[in-house]
Amino acid sequence: MNQSRPDESGERLGDAFGQLLESVRPELVRFAYWLARDRSVAEDVVQEAMLRAWRARSELKDAAAVRHWLLTIVRREHARLYERKRLVTVDVSEIVAREDIALASTGDGPDYGEGHVEGQGVSNTELLDLRRAILRLPDDYREPLVMQVLGGYSTAEIAKEMSLSIPAVLTRLFRARNRLREIYGLKPGLDCEPTGERSLDGTSVEGTP
Amino acid sequence: MNCGDVHLHLGAEPNATSPELEAHLRECPECVQYQREMLRLEDKIRHALMINLPAAKPASEKPASERTRISGYSRGRQWALAASVLIAVTAVLVLWGALPSHSLAADVVSHVVSEPIDGPLESPVDEAIVREVMERSGLHLSPINPNIVFIRTCFLRGRFVPHFVVRAQHGTATVLVLPDEPVKSLEHFDGAGYKGVILPDAQKGSIVVLSRGDVDMERYAAEIRDAVHPIEARPPG
């Protein structure tokens, strides 16, 4: 995609950008879903984010960066939603039960390419349990995990986006994965003392046991 | 680096690598086991997150009775939020000097593992696409012997850089051309199942080649280094 070719009409450029947005929409909805834990809210967030992206499309200088740019807009739109409206439904069991149909999806997303072992040995039951466990993670743990694994953000980028220090992000990512280890009966990593709050940033995190 | 540090770093970034980490892993079978568990878990998490969502009505189109209950912030909550932001900002400033430094090799491996690549990685990429990607970073690439089977621009360490995959005789190798990442001399690294080399280029940057296969990375790194030029220094012809 080259937005700045002077010989093309604005309308044609708009069409191309619209098609690009539509092509990445499923990925954006997936990302928003794991942030919001609600398919309908995810749709709203993506709809609003796409509108913002459309308005700001002239700011996109590099086509190769479009995915990251859009994911960041989605993440900020989601954060904005939570600043505007405080969602008070906190019963995680309700959320998990409501989302079980989506969670049971077989997930045939794109190939991860070199470096990925293609979901080896993951049964549907195991996948469902893991998805439920991810949904149960506190926002403060789930959000950086999703940004890192699904969005491909580096730790530094997550820290910048979430206005945290890098050590704080590392601590949250560590604790998120520590909780997910539990469903496999694996021993927690050494930092995770049940009552200890040893963290690199010295702050306590929502839902820390 | 002790076992707690290793667990913390691998728990946060299972694909991370650094000389200190690798040195510890050579001496500590328990941490090697922890790393294996974390890498297996990481694959499963990645798989679990790749969910296909059935279509849903946007919340804004649902009747009010079906919407998630919403309440506004109270004034007290706003003050609490402001205070927590102030504390967070202070913490960031205090901790700024203590941030861990991440090696170039660690960042490269983390990038390669976390960036999905679509496609069969068999057919050579069209020359025009190679040219376009290289030019985005102000570079030109003369023809090289191994076929480039994938190429794109990636964002790494604050720069847009060419990231490509070449098909060698015994597998594929990933190449990153980093015009703004100088290294003093040839560096080898090993982590997360990858072996790689970082080679200083002729200007002020470096060429990284890494692979999980049996690939002569030094040879390819040298060949690519000789083939990459800034556009303004492009050889005639």
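The values are calculated or read from the model by the stated rules, or taken from the named source; none is laboratory data. Nothing here was measured: the structure is a model prediction, and the numbers come from that model. Positions of Cβ are backbone-derived with ideal geometry, glycine not excepted, and every protein chain shown enters the neighbour counts.
Overview of values
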read-out	value
Residue check, A:Ser58 modelled with pLDDT under 90, within 10 Å of chain B (Cβ to nearest Cβ) and surrounded by fewer than 22 Cβ atoms within 10 Å (Cβ to Cβ)	no
Residues (touching a residue at least 24 places away in the same chain (Cβ under 8 Å) and either under 18 Å from A:Leu186 (Cα atoms) or hydrophobic (A, V, I, L, M, F, W, C) (or both)) located in the range B:10-34	B:Leu10, B:Gly11, B:Glu13, B:Pro14, B:Ala16, B:Leu21, B:Cys28, B:Glu30, B:Cys31, B:Tyr34
Qualifying residue in the range A:146-157 (condition: at pLDDT 80 or above and more than 10 Å from chain B (Cβ to nearest Cβ))	yes
Condition broken by B:Arg157, with the remaining ones in (1) touching a Leu at 6+ places or on another chain (Cβ under 8 Å); (2) within 10 Å of chain A (Cβ to nearest Cβ); (3) crowded, with 17+ Cβ neighbours inside 10 Å satisfied	(3)
Test set (1) polar (S, T, N, Q); (2) more than 11 Å from chain A (Cβ to nearest Cβ); (3) buried (at least 23 other Cβ atoms within 10 Å of the Cβ) - B:Thr174 fails condition number	(2)
Among residues of the range B:150-168, those that are within 24 Å of B:Pro124 (Cβ to Cβ) and either without any contact (Cβ under 8 Å) to a residue 24 or more places away in the chain or touching an Asp or Glu at 6+ places or on another chain (Cβ under 6 Å) (or both), counted	3
Condition check for B:Ile224: under 18 Å from B:Glu135 (Cβ atoms), in contact (Cβ under 8 Å) with a residue 24 or more places away in the chain and touching a His at 6+ places or on another chain (Cβ under 7 Å)	no
Selection from the range A:158-186 of residues that are more than 7 Å from every other protein chain (Cβ to nearest Cβ) and among the charged types (D, E, K, R)	A:Lys160, A:Glu161, A:Arg172, A:Arg175, A:Arg179, A:Glu182
Filter pass, B:Ala227 being under 24 Å from B:Leu121 (Cα atoms), touching a Ser or Thr at 6+ places or on another chain (Cβ under 9 Å) and within 14 Å of chain A (Cβ to nearest Cβ)	no
Scope the range B:195-213; condition in contact (Cβ under 8 Å) with a residue 40 or more places away in the chain and crowded, with 21+ Cβ neighbours inside 10 Å; matching residues	B:Gly196, B:Ile198, B:Ser206, B:Val208, B:Leu210, B:Ser211
Selection from the range B:187-202 of residues that are more than 30 Å from B:Gln33 (Cα to Cα), among the hydrophobic types (A, V, I, L, M, F, W, C) and part of a loop (DSSP other than H, G, I, E, B)	B:Ala202
